[in-house]
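Accompanying notes for the structure given below.
Readers should treat all values here as calculations from the given coordinates under stated rules, not as data from a laboratory. Note that the structure is predicted; figures quoted are calculated from it, not measured. Neighbour counts run over all protein chains shown; Cβ positions are idealised from the backbone, glycine included.
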């Protein structure tokens, strides 16, 4: 979070004392990422890597609504609609969405591996692509206004931007729960799950940002961070661990249907509204990501699933129902009982010459 800026640039790039500042600057769209924003951020990271003045990189967003609501899904809808459920990897890889994903995933890997500390302020809404630019950095600050989610299954997509890497590593199946229900996580939840490293009340963020211009990041966080409130998920951990275990979506939905715990009943209701195919592929991808050796391994798989989702009708239909027409009544292409393992696994099969190249510079 930062105050309103006068610049019309989609990302404000500036050096403030010892801090390099990247401020997402599209507040009307809750700083949703587009291709140009990804390129601007990547270019700044390249410039600052060998700049001795820049000791810490800081990522914030303008406005009071959030750091970043995700990617530009209207543009993704145009590409998915144009492909028209055509099983053609080459055609999907030639779209603007694929070009955006390639550079976005390169940025995600770059942020995770950057040789200098990066602090991301996860204030307000942090969803999808917003998790990608904040969830992999060295210092991740949640606030009392944080609303973090990976809501991809609700629009017929699979968590990407390294989301399967992050979520597959959360204890007690909490990542599976978050992915399959699109659960909004609070700042307290984010700290409890390890998605955030520090908690700073929103009112204290401006002072923290000011101090980062003069002091090392760890000293600043020691002065400004506070104990996070108790997470509402803590007491649910054993129940979620049992309910969301296993590799079959049908097993999970059956356990939820048999539960008398209100939170699990709410999870069942939420999952019933998601794309059945995206949900099944998400569970498969999460289980595969557990064996990945690095974030890069997960990003390679996520690029495959994103391209295959672009070719599958649920993505265009999900965005139509949630964002374009906003009728909330998606007509999904399959029902849970018609999805077999071969169809699910086809979303993650190798792309051959079309595989993601994570070379950044």
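Here is how the numbers come out for the structure above:
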read-out	value
Pairwise FRET efficiency - residue 258 versus residue 359, Cβ, R0 = 35 Å, nearest 0.05	0.10
Degrees between helix 35-49 axis and first principal axis of the chain (Cα, 0 to 90, nearest 10)	40 degrees
Added length on full extension, which subtracts the Cα-Cα distance from 0.36 nm per residue, residue 9 to residue 223	73.8 nm
The stretch 208-308 - percent relative contact order, Cα under 8 Å, separation 6 or more	16 percent
DSSP bridge orientation in the stretch 58-154 - percent antiparallel, rounded to nearest 5	10 percent
Ratio of Rg to Rh over the stretch 82-123 (Cα coordinates, Kirkwood Rh, two decimals)	1.21
Computed lengthening from residue 235 to residue 78, 0.36 nm per intervening residue step minus Cα-Cα distance	52.3 nm
Listed residues 165, 101, 48, most fluctuating in the chain (Gaussian network, C-alpha, under 10 Å)	48
Overall dimensions of the stretch 155-201 by Cα: Rg and Dmax, Å	11.0, 34
DSSP beta bridges in the chain [antiparallel fraction, %, rounded to 5]	30 percent
Semi-axis lengths, Å, the chain, gyration tensor of Cα atoms, sqrt of 5 times eigenvalues	32, 24, 18
For 298, 7, 182, order by how many other beta-carbon atoms lie within 10 Å, fewest first	7, 182, 298
Estimated FRET transfer efficiency when R0 is 30 angstrom, pair residue 39-residue 326 (beta carbons, to 0.05)	0.50
Cα-based helix-to-principal-axis angle, 295-311 vs the chain, degrees rounded to 10	50 degrees
Alpha carbon centroid spacing (whole Å) that separates the stretch 167-231 from the stretch 98-146	13 Å
Approximate spin-label separation residue 248-residue 349, in nm, with each point projected 7 Å along Cα-to-Cβ	2.4 nm
